[in-house]
Amino acid sequence: MRGWLGKYNLLPPSRLYNTSYYLILFNELSFNPFLTDEQKKALNIGPLPRGGNTHTPNSTSANDNQSHGASFGIILDVGDWDKTLMTTTPGQSGNPDSRFYNNLFEGWAQDSYFPAYFSKDKIKANTVESTLLIGS
């Protein structure tokens, strides 16, 4: 088996899908030298353990801090759009002060999915907040 793993440059089975890897999402603004350490920490997200590597269904990089891989996934149900499921990271807001800045990161790292509603009634019933933008 050792020869087979070496021939195909694979990791040993114990490392194929475990928490040997992690993910930290670095916000480019966190490299600004004028920010405090607290501000930089608020911008960056993680670390969290992340399974998978270049040889698993959840294909990611084989670096210790996974540098690439899918950040969005969707399972469409075209027979009932409201049964569609999705995953994405890190959140649905670009504002670090928002509770939606990194709220999806942990679920994504654990390969979990959440509903992606399409019907107006489902969307209204699950809306937490909305913003009305009015042009000038």
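A short reminder: the numbers here are calculations on the coordinates, not readings from a lab. None of the values given here were measured: they were computed from a predicted structure.
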Please enumerate, by chain and number, the aspartates and glutamates with C-alpha under 20 Å from the C-alpha of K120, excluding those fewer than 8 residues away in the same chain. D77, D80, D82, E129
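Which length gain, in nm to one decimal place, applies between E28 and H55 when the Cα-Cα distance is subtracted from 0.36 nm times their residue separation? Each step should come with its number before you reach the end.
Working: separation 27, 0.36 × 27 = 9.72 nm, distance 2.88 nm.
Residue separation times 0.36 nm, minus the Cα-Cα distance, leaves 6.8 nm.
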So what J values fall out for the stretch 85-94 if you push phi through Karplus, 6.51 cos²θ - 1.76 cosθ + 1.60 with θ = phi - 60°, rounded to Hz, Gly and Pro as x? 10, 8, 9, 7, 9, x, x, 10, 9, x
